[in-house]
DNA sequence: TGATAGTCGATTGCATGCAAATTGTCGACA
DNA sequence: TGTCGACAATTTGCATGCAATCGACTATCA
């Protein structure tokens, strides 16, 4: 439970409590602060080298983001993601990104298309080099979805899709099983198909493909967890309580 | 700018900062704190009779809910809703409530149907008595949508659809124009049609109707605002800057 | 022996106080 | 006269300190 070098040193400019939010948020999503862990304010304060005042502001914000839960007079607890919760989130995300596709098809420019193609090209190359560490492989995928939301031009939508809770669900998704390779490859081709639809400004098709793309991921996750429950933890599942 | 009797006295139990959140949130949505207004912490603290510590926690939370904006070292400002923002929110809500319909169709019980029918009956009666004050007429509508989200069984979805920002957008919508009567009547029949589809467990139809229902509201809002911009404020528009 | 009430420690919740930053104003100078 | 710069008042940001509350341990009684 020792986190060194998380001394809230990201930006030297932003308000302290905002930096604390970032630090704790990253710690939760990365798994350094495991789900269900009870946190004491004074402990966190000393860990991050700040006083309790900005820390409490940060905790209130993180509670609203649903990364932690507050237990009145009992501190806070890192939220414990469940399969149902992640599945619910994916269901919502499918609908939201379908909107993004629909709108993006109307507003996309040739430059946008070129940028997205470059992203997918990089994604395809990285999948070939599967031996790379997982994090690097994920980033372009996230960028593809995020870029689409930006193109859509609905600021509220972009904001919703940028929520940390989805990053968290995503990490749950990926830590759930190791054999990502075949799913990554399929996902890549789904991305390509979506972009192809966007190129033809076929918003309806793009939205449909996107909805299926995300629903597909969710289905696979649910099926995988169900199987995992039968064969409980063959190797070491990194579910440190 | 005098708010009396908002002394944060709702519950005597909940943590103080939570009650402050409620109080400020209500003040913003009701319009007592108009959009764009700059708020000073000490002023708010004395207004609500609390110290700045819990107040600041509340402000951080309200910022995350996007009811206020923080200007570092310059205090906070009540968010100014724009037509585009409200339209964007309605677009998102249409998609989310369509999901709710789809899922509700699979899970709805006879009791649920009876409860929803009762709501719509009350709604229909209230529309006949248009002379009633506006707030009372709105509540059952909101309940219909909320109840549907509950039936859907997706907790994240329910949470999203319960956000204060949507209540705020709704108040913008209704303060935008006075002649609600014909729209209310149409909306009521749209609700009836949605429920009818749900009774037949036709999720696809219910979702479609719901999407149109909300898109319709949005379209009317946009058209109305456009007209209003031509004939600037015939009566006194309650846009107190 | 089991259950219950009381007490103590620890932790959160809130108030106060001081330092850092910003905004507005005033004055000097081109 | 207009603009730039410095200063001061105000406000936010953060740290510290005290009170309220919860949980656990112990002791007492049935």
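Would you tally the residues in the range B:31-64 being within 14 Å of another protein chain (Cβ to nearest Cβ) and within 13 Å of DNA strand D (Cβ to nearest atom)? Break it down stepwise before answering.
Here is the first cut: in the range B:31-64, the residues within 14 Å of another protein chain (Cβ to nearest Cβ) are B:41, B:51-64.
Pick out the ones that are also within 13 Å of DNA strand D (Cβ to nearest atom) and you get B:41, B:51-60, B:62-63.
Residues flagged as within 14 Å of another protein chain (Cβ to nearest Cβ) and within 13 Å of DNA strand D (Cβ to nearest atom) within the range B:31-64 amount to 13.
Step by step: first the residues of the range A:65-75, then only those that are more than 10 Å from chain B (Cβ to nearest Cβ) and surrounded by fewer than 21 Cβ atoms within 10 Å (Cβ to Cβ), then the one that is nearest to residue B:160 (Cα to Cα). Which residue is that?
Filtering first and then ranking leaves A:69.
Taking the options A:159, A:185, A:223, A:212, name whichever one is under 24 Å from residue B:91 (Cα atoms) and surrounded by fewer than 16 Cβ atoms within 10 Å (Cβ to Cβ).
Testing whether each residue is under 24 Å from residue B:91 (Cα atoms) and surrounded by fewer than 16 Cβ atoms within 10 Å (Cβ to Cβ) leaves just A:159.
Select, from A:78, A:86, the only residue that is within 11 Å of chain B (Cβ to nearest Cβ), closer than 17 Å to residue A:171 by Cα and touching a helix residue (DSSP H, G or I) at 6+ places or on another chain (Cβ under 9 Å).
Answer to the check: A:86.
All but one of (1) within 14 Å of chain A (Cβ to nearest Cβ); (2) touching a strand residue (DSSP E or B) at 6+ places or on another chain (Cβ under 6 Å) hold for residue B:97; which doesn't?
Residue B:97 satisfies all of (1) within 14 Å of chain A (Cβ to nearest Cβ); (2) touching a strand residue (DSSP E or B) at 6+ places or on another chain (Cβ under 6 Å) except (2).
Taking residue B:92 and the conditions (1) assigned to a helix (DSSP H, G or I); (2) farther than 29 Å from residue B:196 by Cβ, which numbered condition does it fall short on, given that it satisfies the others?
Answer for residue B:92: the failing condition is (2).
Would you mind stating whether residue B:137 is more than 14 Å from chain A (Cβ to nearest Cβ) and at pLDDT below 95?
Judged against the criteria, residue B:137 is a match.
The values are calculated or read from the model by the stated rules, or taken from the named source; none is laboratory data. Source: prediction; values computed, not measured. Note that we place each Cβ from the backbone using ideal geometry, even for glycine, and neighbour counts take in every protein chain shown.
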